[in-house]
Amino acid sequence: MSTIKEGAKQIVRLLEKLPDERFKHLISFKETQIDRFRRMAGLQLKEHKEANKNASLDDIKDIIKRTKGPLGLKKDVLQKLRATIPQDNYTEQTIKQQIGSLENLIANKHMKYYEVGDKLYQPAGNPKYYQRLLDEIQGKKNETFFTALRTVFFGK
Amino acid sequence: MLKSSLRRWSINNSIATKTNLRNGPRQLVLSHSYSQQVQNSRKKETNIQEDHGNAPKNGKKFALAYSKYESKDYKLPKWKESLGEFVISAFKLDMDKIRAGPVAGSYYYSICKEQGLQYENEPLSESAKYFYSYLKLPKTFSQWFQITILHEWMLFVRMRAMPFKYGRNYQQKLVDRTFGDIELRLFEEMNVHSGRIVDQYLKDFNTQLKGAVFAYDEGFYTDDMTLATAVWRNLFAGRKNINFSHLEAVVRYIRSQLYVLTKMSDREFALGNFKFVPPNEIVNKLTPVEEKNMKQEVSMKYKKLDESNLILPSERSSLSYTN
């Protein structure tokens, strides 16, 4: 049992080292997983800044607009779904696997191994595609109204 | 504008996943002839024909989802073929542009969608076993859609590397076909009778597609961890109890497919010579010698074909075979 707790603590340490996501999504991998493994390791849960943020009126309207459709889930469907989702029953070996996988992901193992080169990173049809996307996420403000229009009309 | 639409997507993604569950167990039960067809089709190589067996047999005509022209048994009458060839050569039509429909819209879509295709009371295909049994994804319509767009995105990445005019067209055809097919499936297989609800679903799926392509693109360009979180949000619908080994397996799967795609020349890819590597197989990297030999073989083959007068006007292509 203690080895599982130790493993969970190690995962929390690895996850805490991850940089924040470049783009703010509704759910954050880092935060949900830190919570999950902190609980498993018996550590105190951290209060997230974002969690206390009240939803604005626009957010609520948006959610209502989107959930107006058929949302009633049937009980048997929920049960079926729960049965398919794996539970947290870790053994010493499986927690080691988890740590190994996380380390591989952090170390960029597969990206380095299956190197695709500039053929795909600077695609011939649209060489600046990924760089522009990343600049936009990081808020570098390289885009002006006219470059945006150009993309709309010419596709790149 | 980009940001707001993407933020909306992430709400949408989880909701759409839930709402579609409702339709999950109502999935179609097929007639017994399907399993025979599956057995037959296993003997054949992967082709569009395999898809034919999944067609609901309720006597209805399917305009697009199961077109008779996509069946391998279908043969174009000789006179139609000659007329076609004549028109192509007389008007000097750009075959690379025309080919986008049958290759991206038909063939590439068929290999994307069959990865996660499953019907209740039917044995799972090999790739479906990977997604539903190994990764333990729920067997729902929206999950099938997520699996399909993951594969489509991999093809988009390769299509961007084609000359812009053609790559864009290939992408467009693939997307058009996807939504045409989903619309039909919602009506015929999920038994949604209201056009309004189908439209709602289609809009949801459209936002999901945009969000997924954005997230995967970011992950592909930056690092494995970002790609893994993108996979977690989209394919795994942000499930809390995620197994990291599953995430790693999917990242590896994606990177290996992209590796295969990058080793293909534009010509081969545009002619529809690509197949996804089955998830239970491992892609080994090519050694420099192997890669050189492979490229030489390919360029020899197409050079010979281009120089000979034996190929039909409809088989011509101006795309590069050396890159």
Segment B:226-238: number of residues that are more than 7 Å from chain A (Cβ to nearest Cβ) and hydroxyl-bearing (Ser, Thr, Tyr)
1
Limited to segment B:166-193, what total is found for residues that are among the polar types (S, T, N, Q) and open to solvent by less than 40 Å² (accessible area, probe 1.4 Å)?
3
The one condition B:ASN241 fails out of (1) at the interface with chain A (Cβ under 9 Å from one of its Cβ atoms); (2) closer than 26 Å to B:LYS275 by Cα is (2)
Report yes if some residue within segment B:205-221 is under 21 Å from B:GLN115 (Cβ atoms), over 15 Å from the mean Cα position of the chain (by Cα), more than 7 Å from chain A (Cβ to nearest Cβ) and open to solvent by 40 Å² or more (accessible area, probe 1.4 Å); otherwise report no.
yes
Expected single match for closer than 30 Å to B:SER265 by Cα and either open to solvent by less than 60 Å² (accessible area, probe 1.4 Å) or facing another protein chain (nearest Cβ under 7 Å) (or both) among A:LYS112, A:LYS128, A:LYS156 is A:LYS156
The one condition in (1) more than 10 Å from chain A (Cβ to nearest Cβ); (2) in contact (Cβ under 8 Å) with a residue 40 or more places away in the chain; (3) farther than 20 Å from B:LEU258 by Cα that B:MET154 fails to fulfil:
(3)
Extreme residue, nearest to the chain's Cα centre (by Cα), among residues of segment B:77-112 that are crowded, with 20+ Cβ neighbours inside 10 Å and of a type in the set (Val, Ile, Thr):
B:ILE111
Residue ID - farthest from B:CYS112 (Cα to Cα), chosen from residues in segment B:136-165 that are assigned to a loop (DSSP other than H, G, I, E, B) and open to solvent by 30 Å² or more (accessible area, probe 1.4 Å):
B:PRO163
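Which members of segment A:131-153 meet the condition of being part of a helix (DSSP H, G or I), more than 7 Å from chain B (Cβ to nearest Cβ) and more than 30 Å from B:ARG267 (Cβ to Cβ)?
Hits for segment A:131-153 are A:ASP135, A:PHE145, A:PHE146, A:THR147, A:ALA148, A:LEU149, A:VAL152.
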Residues of segment B:247-261 classified as more than 14 Å from A:ASN108 (Cα to Cα) and facing chain A (nearest Cβ under 7 Å), total:
2
Residues that are closer than 23 Å to B:ILE182 by Cα, assigned to a helix (DSSP H, G or I) and not polar (S, T, N, Q): does segment B:258-270 have at least one?
no
All but one of (1) more than 25 Å from B:LYS210 (Cα to Cα); (2) hydroxyl-bearing (Ser, Thr, Tyr); (3) within 14 Å of chain A (Cβ to nearest Cβ) hold for B:SER89, so report the exception by its number.
(3)
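The values are calculated or read from the model by the stated rules, or taken from the named source; none is laboratory data. Since the structure is predicted, the reported quantities are computational estimates derived from the model, not experimental observations. Quick reminder, even Gly has a Cβ in these numbers, built from the backbone with ideal geometry, and neighbours come from all protein chains shown. These accessible areas exclude ligands, DNA and RNA; they are computed on the full protein's heavy atoms, side chains included. Shrake-Rupley method; radii C 1.70, N 1.55, O 1.52, S 1.80 Å.
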